[in-house]
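Student: Please read through the structure below; I'll follow up with questions.
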Amino acid sequence: MPKSRRRKPKRSTQQSPRRMTPPPRGSGWGDFEPWARAMVAVNDAEAKGEPREALDIMEAFAAGPDGSYFWRPSRAAYLMQLALLRPVTPAWAISRWVCHQALQSLPADAHDRSRSDRALDLAIELRGGRERLPGRDEADAVARVMDGDWVYRQLLLYEYGGLGRFVEKVASSSLLASAGDVRRWVDARMGGYELLGSTPTTTTWTDLSTGQEHVTANIGSSVLVVPGESVIGRLVPSPTGELFEMRPMVVPTALARGVADDPTGWLDVLAVHRRDDPDWASDYYPGYDVTLLSDVPTFVWELMLLREVPPTDRDGDAWLARAVLDAASRHLTDGLPPGRDEAEVWPCVGAAILEPPVIRGLASAARADDIPLLDRLSETLADPAALACRSLALELSNAA
């Protein structure tokens, strides 16, 4: 595993004004202009495929004009993840990075802005209107939709061509070269799938329209689903096999079947379901986590692996890394917690190992006597967590 940098992304609930159009020189933006230019510079660094350069700019403009942290913590976190784990980062994770960039890319013209506005209006309408959105005020509520609404993301990237525009007009050749099949993601169709079952390394889904089975790497896409339940999402190709372009959304089976039978009309299927069940958007909250290497939400792996540790004992990256390794060792040696399945536990371990604080902590917390544990984890987990464990075991072995 690569050596860590000591930078930590700060936590904040502050929403970034990232979608404002960059000002021309002498625009009269006053004190905000340096941060507007920083946003453009960070976007440019990401489009070149340079996460460390983007992080350096973000660090230089960490505090915004009001003194609070300026950037979205999730963005800082996945850039740190890329910077620390680039040698073991698969092409599909770079493709996901391209999708994140396309979603946050500043509109180039009025046509792009109109498509973004249309996607936003449709997503808000599905949620029951602006009056039902959570947030401190209207601006905060809308920003939350743009930053974390599953439907908005699908509409803007795919139905309204945001991913295709970014791939063709913005992304650098070096970024695309490392992103594998991302050009084929542009035309990926929405589908409805039922979870058949999972192992620690694979997950099997069946297409509710064709009955075809699809086997994906178990990166946690099914961690919130039980066999027999259904999801909607887009299966996409990668050099190592199919996966969902992001964690799919859990929905009632009837809804998933409707989407499977009419992929291009998926939004209408959701709208009809919401009309028939007005509380649906609350019961099946259409949000998502900004993730690259795992689909396990942070709160899930924390509950799974850290619940036995007293809150008073939780302090620092080294503690967190040690706690994750100890939990993994305990599950390998003593068995899984009551009522837990391997398909739930091991994706959580993999997700934790790929988190930036754990990566940094492993640099000091991992010891030579952890090599056998890391070797077993490399045989138990799906990639890229397995590769990260293998890399760290090799580093420890060489240093011994």
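Throughout, read-outs are computed from the coordinates displayed, never taken from laboratory work. No experiment lies behind these values; they were computed from the predicted model shown. Quick reminder, even Gly has a Cβ in these numbers, built from the backbone with ideal geometry, and neighbours come from all protein chains shown.
Student: Could you put I371, I57, I219 in order, starting from the residue whose Cβ has the fewest other Cβ atoms within 10 Å?
Tutor: Working: I371 17, I57 21, I219 30.
With the fewest neighbours first, I371, I57, I219 line up as I371, I57, I219.
Student: Given the options L305, P87, V251, identify the residue whose Cα lies farthest towards the positive end of the charge dipole of the chain (+1 on Cβ of Lys, Arg; -1 on Cβ of Asp, Glu).
Tutor: Working it through, the farthest residue towards the positive pole turns out to be P87.
Student: So how much slack lies between D279 and R307, counting 0.36 nm per residue of separation and subtracting their Cα-Cα distance, in nm?
Tutor: Net length gain for the segment: 6.9 nm.
Student: Modelled label-to-label distance, E379 and E131, 7 Å Cα→beta-carbon offset: nm?
Tutor: 6.2
Student: Any idea what the alpha-carbon Rg over 2.2 N^0.38 Å comes to for the chain?
Tutor: The reported ratio for this selection is 0.99.
Student: To continue, here is another question. At a Förster radius of 30 Å, what calculated FRET efficiency corresponds to the Cβ-Cβ distance of D31 and D140, to the nearest 0.05?
Tutor: Calculated value: 0.90.
Student: Between S397 and A110, what is the FRET efficiency for a Förster distance of 60 Å, r being their Cβ-Cβ separation, to the nearest 0.05? Write down the numbers at each step before the final one.
Tutor: Working: r = 58 Å, r/R0 = 0.97.
Calculated transfer efficiency: 0.55.
Student: At 0.36 nm per residue, minus the direct Cα-Cα distance, what do R314 and D334 gain on full extension? Give it in nm, one decimal, please.
Tutor: 4.9 nm
Student: Let me ask something additional. Once you put a point 7 Å from the Cα of S68 and another 7 Å from the Cα of R183, both along the Cβ direction, what distance in nm separates them?
Tutor: Here the answer is 4.3 nm between the modelled labels.
Student: Per DSSP helix of 4 or more residues, -39500 (n - 2.57); summed, then divided by the residues of the chain. What does that give at 222 nm, rounded to the nearest 500?
Tutor: Working: 19 runs with 201 residues, N = 400.
For the chain, the value works out to -15000 deg cm²/dmol.
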